[in-house]
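Have a look at the structure below, then the notes.
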Amino acid sequence: MPDSARAFVPGHVTGFFSAHPDDDPTKAGSRGAGLVIGDGVTVELEPGGGVELNGETATIEAVNRVLEALRATAHVVVKTDLPLGAGFGVSGAAALGTALATNAVFGRELSENELVTIAHGAEVQAGTGLGDVVAQARGGVPIRLEPGAPAHGAMDGVPEHQSVEYRSFGELSTEEIITGDTDDLTAAGNRALSALVSEPTLETFMSSSRRFGREAGLLTPKVEEVVRDVSDAGGEASMAMLGETVFALDSGLSDAGYDAERCSVSLAGAHLL
C-alpha cells in the first residue's frame with residue numbers, strides 16, 4: 001500500500017434541484033441536473049492528522065466524517081482554485097477525494113460506489129450539499145433522477161458538452177437554504193427536471209435552470225443582472241446553486257463584457273492521480 005495518494009475531483013455546478021431529506025443520509029439527497037467542470041479539487045492524503053485547505057489549517061466536516069467512517073487517521077491536504085462557498089461543490093469534492101485516497105492508502109478495498117456512498121452521506125450529514133458527490137463521481141452533464149447515493153439514486157445525462165465560463169460574486173449559505181422551507185424550491189425543481197427529461201439538451205438545461213432560479217426565489221439582484229446581460233449578448237447563462245455565481249455556455253460571459261474563468265466539461269469524473 002502506498003504511504004500517500006492524490007485524487008482529483010471536478011467541480012460541479014448545479015442548475016436546478018429539488019430537496020429530498022431522509023433519516024438515512026445515504027437515501028437523502030436531491031434530484032436535478034448540473035455541469036461537472038474541468039476545474040476542480042485536488043486531495044492529497046498522507047500519514048499524520050488534520051486538514052489543510054489551500055495551505056491553511058481548516059475544518060471540513062464532510063472530510064472528517066469520511067475519515068471516521070473509514071476508521072482512518074490521516075493528514076488531508078485540499079487544494080483548489082475554485083471560489084469557496086460559491087456553488088462549485090468544493091466540500092463534496094473534498095469528501096469524495098478523501099474517500100478515494102483513504103481507500104488507496106489504508107487498503108480498505110471498497111468499490112467506487114461504496115466510496116461515493118460514504119462521501120455522499122458525509123456531505124449530507126455536514127449540511128453542505130445534497131447531490132454534488134454523485135455528480136462529481138460520474139462527470140459530464142448528469143441528471144439526478146432519484147435522490148441518494150448510488151444504491152438508491154438513479155442517474156442519466158445530457159449527451160452533449162460545451163466549454164463553460166463562470167464568474168463568482170460572493171457566497172451563499174447552502175445549509176441555511178437546504179435546511180429551511182424547501183417546498184417552493186422542490187416544486188420548481190420537479191418542474192425543471194420534467195422539462196429536461198422530456199428534452200435532454202443543453203439548451204433545455206440552461207432554460208430550465210434560469211426558470212428554476214426565478215420560481216424558487218433564489219436569484220440575487222447581481223446574478224439576475226448578469227444573466228440578463230448575457231442573454232442580451234446572445235448567450236446562455238444561469239445561477240450556480242447555491243452561490244452568487246453565474247455560469248454560461250461557451251463565451252457567454254466574455255461576450256457580455258465580464259471577466260470570467262473558462263474551462264471544459266469534465267467527462268472523466270473523480271479519479272486517483
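The values are calculated or read from the model by the stated rules, or taken from the named source; none is laboratory data. All values reported here derive from a predicted model rather than from experimental measurement. All Cβ positions, even for glycine, are placed from backbone atoms using ideal geometry, and neighbour counts span all protein chains on display. Heavy atoms of the whole protein, side chains included, go into the accessibility calculation; ligands, DNA and RNA do not. Shrake-Rupley method; radii C 1.70, N 1.55, O 1.52, S 1.80 Å.
Taking the criterion of being in contact with a helix residue (DSSP H, G or I) (Cβ under 8 Å, 6 or more places away or on another chain), open to solvent by 30 Å² or more (accessible area, probe 1.4 Å) and more than 23 Å from R108 (Cα to Cα), would at least one residue in region 28-42 satisfy it? Taking every residue of region 28-42 in turn, at least one turns out to be in contact with a helix residue (DSSP H, G or I) (Cβ under 8 Å, 6 or more places away or on another chain), open to solvent by 30 Å² or more (accessible area, probe 1.4 Å) and more than 23 Å from R108 (Cα to Cα). The criterion of at least 2 residues that are among the acidic types (D, E) and touching a helix residue (DSSP H, G or I) at 6+ places or on another chain (Cβ under 8 Å) is met, among helices (runs of 4 or more DSSP H) falling completely within region 67-160, by 112-126. Looking at (1) open to solvent by 20 Å² or more (accessible area, probe 1.4 Å); (2) touching a residue at least 60 places away in the same chain (Cβ under 8 Å); (3) under 18 Å from the mean Cα position of the chain (by Cα), can you tell me which one N113 breaks? N113 satisfies every listed condition except (2). Each residue in region 226-273 was checked for being open to solvent by 10 Å² or more (accessible area, probe 1.4 Å), under 13 Å from S168 (Cα atoms) and more than 20 Å from the chain's Cα centre (by Cα), and 3 of them qualify. Criterion first (touching a Gly at 6+ places or on another chain (Cβ under 7 Å) and either β-branched (V, I, T) or in contact (Cβ under 8 Å) with a residue 12 or more places away in the chain (or both)) does V105 satisfy it? Answer is no for this residue. Considering the conditions (1) of a type outside the set (K, R); (2) open to solvent by 10 Å² or more (accessible area, probe 1.4 Å); (3) farther than 19 Å from T179 by Cβ; (4) at pLDDT 95 or above, Q162 is excluded by exactly one of them, (4).
Consider A86 carefully, then state whether it is touching a strand residue (DSSP E or B) at 6+ places or on another chain (Cβ under 6 Å) and at pLDDT below 95. Yes; evaluated as a whole, the condition is true for this residue.
Candidates in region 195-235 are the residues that are closer than 22 Å to D132 by Cβ and of a type in the set (S, T, Y); of these, the one that is modelled with the lowest pLDDT is T220. Filtering L96, L172, L130 for residues that are within 27 Å of L202 (Cβ to Cβ), modelled with pLDDT under 95, within 17 Å of the chain's Cα centre (by Cα) and crowded, with 23+ Cβ neighbours inside 10 Å leaves a single hit, L130.
Return the residues of region 176-186 that are in a helix (DSSP H, G or I) and surrounded by 13 or more Cβ atoms within 10 Å (Cβ to Cβ); say none if nothing qualifies. Passing the criteria: I177, I178, L185, T186. Within region 33-44, is even one residue of a type outside the set (V, I, T) and either more than 15 Å from the chain's Cα centre (by Cα) or at pLDDT below 95 (or both)? The answer is yes; a qualifying residue exists. Can you say whether S194 is within 23 Å of P147 (Cα to Cα), small (G, A, S) and open to solvent by 50 Å² or more (accessible area, probe 1.4 Å), as far as the supplied structure shows? So S194 fits the description; yes. Here is the figure for region 53-68: residues that are in contact (Cβ under 8 Å) with a residue 12 or more places away in the chain and under 18 Å from T128 (Cα atoms) total 10.
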